[in-house]
Ligand code: GRF
């Protein structure tokens with residue numbers, strides 16, 4: 001699609017947002033970020049957007065009674081800024097079916113583990129508790145089931161003796177910051193095709 005516009009949704013510190021901002025600046029990602037939206041006030045992601053001159057909007061989750069109402073507000077903002085590709089970057093909310101339908105095949109997420117293992121909000125803790133020797137990160141299309149959509153790219157890192165959530169998280173994050181811009185680049189180049197559970201990447 002010509003004239004793509006990216007919307008990034010975050011809930012916190014926004015280091016993945018920063019990697020996307022930097023990749024737009026370097027020309028790796030060939031579409032602008034139209035808006036950054038958070039569901040919490042005062043988070044670092046808003047500051048990062050402000051510094052980069054990108055419109056930053058907080059839709060405070062506390063102001064909304066239901067997920068449906070929240071998602072309607074979210075959709076309204078995304079449409080207002082002409083967003084065609086939604087990138088979840090540490091966005092700690094599940095999206096409703098209505099939202100996902102509105103951006104079918106156009107919502108990406110990053111998860112800090114090798115899906116389908118270790119879904120959910122505490123991936124590093126769960127990896128360590130399970131005793132896995134390898135972890136990593138996954139970029140996938142978003143479907144209604146949490147962390148279950150077709151996988152676009154993955155990168156692996158070793159789990160080291162003595163790792164805690166912080167040290168493992170930091171090792172995974174280095175890969176996240178390379179992988180997300182690459183996945184967005186592939187999406188924008190029209191090289192991703194969803195084929196059932198699989199994502200085909202064309203030359
Ligand atoms: C990342 O580890 C991402 O994989 C997960 O949430 C974390 C967000 O970190 N979904 P940041 O806000 O991008 O720094």
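No lab work stands behind these numbers, since they all come straight from the coordinates. What you see is a predicted model, and the numbers here were worked out from it, not measured in a lab. Cβ atoms come from the backbone with ideal geometry, glycine included; neighbour counts cover every protein chain shown.
Shape summary: the range 55-136 maps onto an equivalent ellipsoid whose semi-axes, from the alpha-carbon gyration tensor, are 29, 14, 11 Å in decreasing order.
Reported to the nearest whole Å, the Cα centre-to-centre distance from the range 187-203 to the range 1-44 is 21.
Beta bridges per DSSP, both residues in the chain: antiparallel share near 50 percent. Between 183, 23, 129, the residue with the greatest mean-square fluctuation in the GNM of the chain (Cα pairs under 10 Å linked by springs) is 129.
Expected output is a single nm value to one decimal: the length gained when fully extending between residue 79 and residue 200, i.e. 0.36 nm times separation in residues minus the C-alpha distance. What is it? Write out the running numbers ahead of the final one.
Details: separation 121, 0.36 × 121 = 43.56 nm, distance 2.84 nm.
That works out to 40.7 nm of additional length.
Here the simple spin-label model places points 7 Å from the Cα toward Cβ, and for residue 13 and residue 193 these points are separated by 4.0 nm. Per residue, the Cα convex hull of the range 107-203 amounts to 92 Å³. Among 87, 58, 137, the largest mean-square fluctuation in a Gaussian network model of the chain (Cα springs under 10 Å) belongs to 58. GNM remark for the chain: springs join alpha carbons under 10 Å apart, and the peak mean-square fluctuation among 130, 81, 180 falls on 130. Principal axis extents of the C-alpha atoms in the range 153-203 (largest first, rounded to whole Å): 41, 21, 15. Taking the C-alpha atoms only, the angle from helix 67-80 to the longest principal axis of the chain is near 60 degrees. In degrees from 0 to 90, rounded to the nearest 10, what is the angle of the helix 15-26 Cα long axis to the longest principal axis of the chain? Rounded to the nearest ten degrees, it is 70. The spread of Cα positions in the range 1-116, taken along each principal axis and listed from longest to shortest, comes to 40, 34, 32 Å. Per the Debye formula on identical point scatterers at the alpha carbon atoms of the chain, with no solvent, log10 I(q)/I(0) at q = 0.10, 0.17, 0.18 Å⁻¹ is -0.40, -1.20, -1.33.
Only bridges with both residues in the range 63-159 count here: give the DSSP antiparallel percent, nearest 5.
80
Our note on the geometry: Cα centres of the range 131-174 and the range 68-92, 25 Å apart.
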